[in-house]
Amino acid sequence: MHETDMTRALIMTICDWRESQPEKLPVAKVFLTVGQFTCVEPASLQFAFEVQTRDTFLDGAELVIQETPLIAFCHACQAEYRPEIGLQYACPDCRSPMDDIRSGRELKIDRVQYFQTAQSGESPRAVKTDHAHQKS
Amino acid sequence: MHQIIDDTLGINLLHANQAGADHNRAHFDEWGVTCLNLMSSPGAGKTALLEKTLAALSDVLKIAIIEGDMTTELDADRLRQYSVPVVAINTGRACHLDARMVAGGMHTLAENHTPEDLDLVIVENVGNLVCPAEFEVGEHAKVALLSVTEGEDKPLKYPVMFREADVLLITKIDLAPYLDVNLECIADNVRQVNPHVTVLPVSAKTGAGLNAWLSWVQSVVKPSQMTSV
């Protein structure tokens, strides 16, 4: 459910990025990092992205989601370990609770990939930016 | 002739909400108000706890409530009986409060009251163990509730919420004798994901443990406010 809001935030961010570009070029891919220790379901994000970008400048753009595993660091053992989400978070060796999280909390828009044409100018799809703003 | 170009953004997906939450918190700080964000599954006893809290503290502290409810004002009406400002935010189909909604609640508060006169604003989030955990609203501390009827394993299954909590209230402990539930096990499971959490077992019905909760609330209210009371 909250993936809908997050997708809206994602599209807004891409809109802002695009506004800052000298040329409005077609976006091919949007790269996201989503940690496994977040409340975000990548499949729901994909679905929301597909629905919310329809008939906007992002229509057809691919959302590439890289998931990062949950990795914790045990201070007592001075070692990293991988907690078993849903079952066990304490250090498997010394039972210390999960304190430092080294990976798994990421929710990041990494980069945008777009096409630069030889004689790049306003592409016809670019005029739809405002529409996307209204939707979001 | 297409050339593919990458532009690195490196922006947090929730940066807009985070900025809104920071903005709200700056307002609270300016007003000298402490803000708590109350989160739990539906029916864990957030509103019952607030009723007891208002009954005990509304003479000592100036409290206002921002109440998130999906469609009704039932909870808000329960709290209005305690003669404190209650702003109801109907989230519609949204499963959590976000910074923008709470900012709306703060504006409503500021229109009808003098926020500088307040000591404490408690935000009662929408009942949900998943979504509210990722959306800060401008709070100074997060309070999670888990009732004994929900089961000992919930902190393991919904770890993010319990990881983020500053305080965990184990509620409805008056029911514990009738259930196969071990309060220590709940506390241990929470500490697995959050070793720094303060665990307080309470019963809003019998009043057991409430003094520890009320003391904690008073301890987080900004000192300048406490002395002015």
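For the range A:16-28, enumerate the residues that are more than 9 Å from every other protein chain (Cβ to nearest Cβ) and either in contact with a Phe, Trp or Tyr (Cβ under 8 Å, 6 or more places away or on another chain) or at pLDDT 95 or above (or both). If the condition is that a residue be more than 9 Å from every other protein chain (Cβ to nearest Cβ) and either in contact with a Phe, Trp or Tyr (Cβ under 8 Å, 6 or more places away or on another chain) or at pLDDT 95 or above (or both), then A:R18, A:K24, A:P26, A:V27 are the ones that fit. Across the range B:75-89, not a single residue is classified as closer than 30 Å to A:Y114 by Cα, outside any helix (DSSP H, G or I) and touching a strand residue (DSSP E or B) at 6+ places or on another chain (Cβ under 8 Å).
Within the range B:177-185, is there a residue that is within 9 Å of chain A (Cβ to nearest Cβ) and more than 26 Å from B:V33 (Cα to Cα)? No: the range B:177-185 contains no residue that is within 9 Å of chain A (Cβ to nearest Cβ) and more than 26 Å from B:V33 (Cα to Cα).
Looking for something among the hydroxyl-bearing types (S, T, Y) and surrounded by fewer than 18 Cβ atoms within 10 Å (Cβ to Cβ) - is there at least one such residue anywhere in the range B:36-56?
no
Of all residues in the range A:29-46, those satisfying the criterion of being more than 8 Å from the chain's Cα centre (by Cα) and within 8 Å of chain B (Cβ to nearest Cβ) are A:F37, A:T38, A:C39, A:V40. Go through (1) part of a loop (DSSP other than H, G, I, E, B); (2) within 14 Å of chain A (Cβ to nearest Cβ) one by one and return the number of the condition B:L61 breaks. Answer for B:L61: the failing condition is (2). For B:G68, the conditions (1) surrounded by 15 or more Cβ atoms within 10 Å (Cβ to Cβ); (2) in a helix (DSSP H, G or I) all hold with the exception of (2). Is it the case that some residue within the range A:95-105 is at pLDDT 95 or above, exposed (fewer than 14 other Cβ atoms within 10 Å of the Cβ) and over 24 Å from B:A133 (Cβ atoms)? Yes, the range A:95-105 contains at least one residue that is at pLDDT 95 or above, exposed (fewer than 14 other Cβ atoms within 10 Å of the Cβ) and over 24 Å from B:A133 (Cβ atoms). Here is the figure for the range B:134-156: residues that are part of a strand (DSSP E or B) and in contact with a helix residue (DSSP H, G or I) (Cβ under 7 Å, 6 or more places away or on another chain) total 5.
Residues are listed down the side, and each one gets a yes or a no for (1) in a loop (DSSP other than H, G, I, E, B); (2) over 19 Å from the mean Cα position of the chain (by Cα); (3) at the interface with chain A (Cβ under 7 Å from one of its Cβ atoms); (4) of a type in the set (G, A, S):
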| position | (1), (2), (3), (4) |
| --- | --- |
| B:I4 | no, yes, yes, no |
| B:D7 | no, yes, yes, no |
| B:I11 | no, yes, yes, no |
| B:A16 | no, yes, yes, yes |
| B:H23 | no, no, no, no |
| B:E30 | no, yes, no, no |
| B:L38 | no, no, no, no |
| B:P42 | yes, no, no, no |
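Checked against the criterion of being among the hydroxyl-bearing types (S, T, Y), out of contact with any Asp or Glu (no Cβ under 9 Å at 6 or more places or on another chain) and closer than 26 Å to B:K157 by Cβ, the range A:64-81 has no qualifying residue. Of the residues making up the range B:104-133, those that are crowded, with 18+ Cβ neighbours inside 10 Å and part of a helix (DSSP H, G or I) are B:G105, B:M106, B:L109, B:P115, B:C131, B:P132, B:A133. Within the range A:61-114, the set of residues being facing chain B (nearest Cβ under 7 Å), assigned to a strand (DSSP E or B) and of a type in the set (D, E) comprises A:D110 only. Taking the conditions exactly as written (of a type in the set (S, T, Y) and part of a strand (DSSP E or B)), does B:T53 satisfy them or not? Spelling it out, it is not the case that B:T53 is of a type in the set (S, T, Y) and part of a strand (DSSP E or B). If you check B:L168 against the conditions, is it surrounded by fewer than 21 Cβ atoms within 10 Å (Cβ to Cβ) and in contact with a helix residue (DSSP H, G or I) (Cβ under 7 Å, 6 or more places away or on another chain)? Answer is no for this residue.
The one condition from (1) at pLDDT below 90; (2) not in a loop (DSSP other than H, G, I, E, B) that B:A94 does not meet is (2). I'd like to know if the range B:135-152 contains one or more residues that are over 21 Å from B:T34 (Cα atoms), surrounded by fewer than 24 Cβ atoms within 10 Å (Cβ to Cβ), within 14 Å of chain A (Cβ to nearest Cβ) and not polar (S, T, N, Q). There is at least one residue in the range B:135-152 that is over 21 Å from B:T34 (Cα atoms), surrounded by fewer than 24 Cβ atoms within 10 Å (Cβ to Cβ), within 14 Å of chain A (Cβ to nearest Cβ) and not polar (S, T, N, Q).
The values are calculated or read from the model by the stated rules, or taken from the named source; none is laboratory data. Being a predicted model, the structure only gives us computed values, none of them experimental. A quick note on method: Cβ atoms are made from the backbone with ideal geometry, for glycine too, and the neighbour counts reach across all protein chains shown.
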